[in-house]
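Student: Could you have a look at this structure, given as structure tokens, before my questions?
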């Protein structure tokens, strides 16, 4: 029999509350030189996709991106780069710039069955839920480039998974224990995969909460109560951080530490007023190990391995 998990508090910069942070804690301004460097690097690539950082040097941006990688894995788990001039990166150039920046951080992952690497996100439709749930992307890092922001609503809300773990440790240890145990997740046509919401692998904390992927009919009453307690902890005043992104903002976060939700409103009648973002999923060389059960999503769970993304005909990236 597997012994029950040892419930201990998490510590470090990854444990934060939105109310305690200031922009200086998460925002890095980048000047016009950064955009000029990207434009020059894209011209040198001449339409080729970068396979790695050596394909297109970024003398100014590379040291900053190295620092960003450290913040994602060992810091608060998210960073906002502000100041890209999208007028110099029109149309497909914005996608190419995102792929180039991603190549300096890790390996881009497919986001659809056809192998597309860049996802396009728009404003939620009129039928979208008024209070979307936090979810987890199948990646070690997520990059969101804001192309256009709607005039009202559409903000991005982030929450610290280790901070929620600690909140439940204080308020509801039974709920926390249930979330450390495996919960049933949909697994194609096979039996549900059992994966925890909170776990530790090789000494590193891992959080993964994807409510839409849970196989609700198999959830036991105690598990439903635990999930309700988790949602309530995330909704406490001051717990989450809501960011109003501007065009040219690049948000990066580690979904093993930081969970995201998009606050939906009614879809704008004018398409020009809608939000538009580009998304990149990355497997990063400095990533933490994952629990073995996460192989159902990531293919492989070894630290630093290429893993995650949408399954392709030949299997997961890390498979």
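Only the coordinates and a few stated rules stand behind these numbers; no lab work does. Note that the coordinates shown come from a computational prediction; the quantities given were computed from them, not determined experimentally. Using ideal geometry, Cβ is built from the backbone for each residue, glycine included, and neighbour counts are taken over all protein chains shown.
Student: Using Cα centres only, tell me the gap between segment 9-34 and segment 223-260 in whole Å.
Tutor: 14
Student: Nearest 5 is fine: what % of DSSP beta bridges in the chain come out antiparallel, could you say? Before the final figure, lay out the partial values.
Tutor: On the way: 40 of 43 bridges.
Taking every DSSP beta bridge with both residues in the chain, the antiparallel ones total about 95 percent.
Student: Kindly express, to the nearest 10 degrees and within the range 0 to 90, the angle between helix 61-74's C-alpha long axis and the longest C-alpha principal axis of the chain.
Tutor: 0
Student: By how many nm would the segment from residue 62 to residue 170 lengthen if fully extended, with 0.36 nm per residue of separation less the alpha-carbon distance?
Tutor: Contour length minus Cα-Cα distance gives 34.8 nm.
Student: While we're on this one: Once you put a point 7 Å from the Cα of residue 189 and another 7 Å from the Cα of residue 120, both along the Cβ direction, what distance in nm separates them?
Tutor: Result: 3.3 nm between the two label points.
Student: A follow-up question, please. If you count, for each residue, the other Cβ atoms within 10 Å and average over each peptide, how do 135-142, 189-196, 13-20 line up from highest to lowest?
Tutor: Most protected by this proxy first, the peptides run 135-142, 13-20, 189-196.
Student: I need the shape label for segment 69-223. Rule: rounded when a/c is under 1.5, else prolate if a/b > b/c, else oblate, with a, b, c from the alpha carbon gyration tensor.
Tutor: Since a/c reaches 1.5 and a/b is larger than b/c, the shape of segment 69-223 is classed as prolate.
Student: Determine, from the Cβ-Cβ distance of residue 247 and residue 13 and an R0 of 41 Å, the FRET efficiency 1/(1 + (r/R0)^6), rounded to the nearest 0.05.
Tutor: According to the calculation, E is roughly 0.90.
Student: What is the helix-to-structure angle for 32-45, meaning the angle in degrees between its Cα long axis and the longest Cα principal axis of the chain, kept from 0 to 90 and rounded to the nearest 10?
Tutor: Here the helix axis deviates by roughly 80 degrees.
Student: In degrees between 0 and 90, to the nearest 10, how far off the longest principal axis of the chain does helix 221-234 point, with axes built from Cα atoms?
Tutor: The angle comes out near 40 degrees.
Student: Additional query: Summing -39500 (n - 2.57) over the DSSP H runs of n ≥ 4 in the chain and dividing by its residue number, what mean residue ellipticity at 222 nm do you reach, to the nearest 500 deg cm²/dmol?
Tutor: Computed ellipticity for the chain at 222 nm equals -7500 deg cm²/dmol.
Student: Along each principal axis of its Cα atoms, how long is segment 135-266 end to end? Whole angstroms, biggest number first, please.
Tutor: 42, 38, 35
Student: Any idea what the relative contact order of segment 23-298 is, in percent, if you count C-alpha pairs under 8 Å spaced at least 6 apart? Please report the intermediate quantities before stating the final value.
Tutor: Values: 502 pairs, mean separation 90.6, N = 276.
Relative contact order of segment 23-298: 33 percent.
Student: Right, another one. Which distance in nm do the two modelled labels at residue 20 and residue 204 give, with both placed 7 Å along the Cα-to-Cβ direction?
Tutor: 2.3
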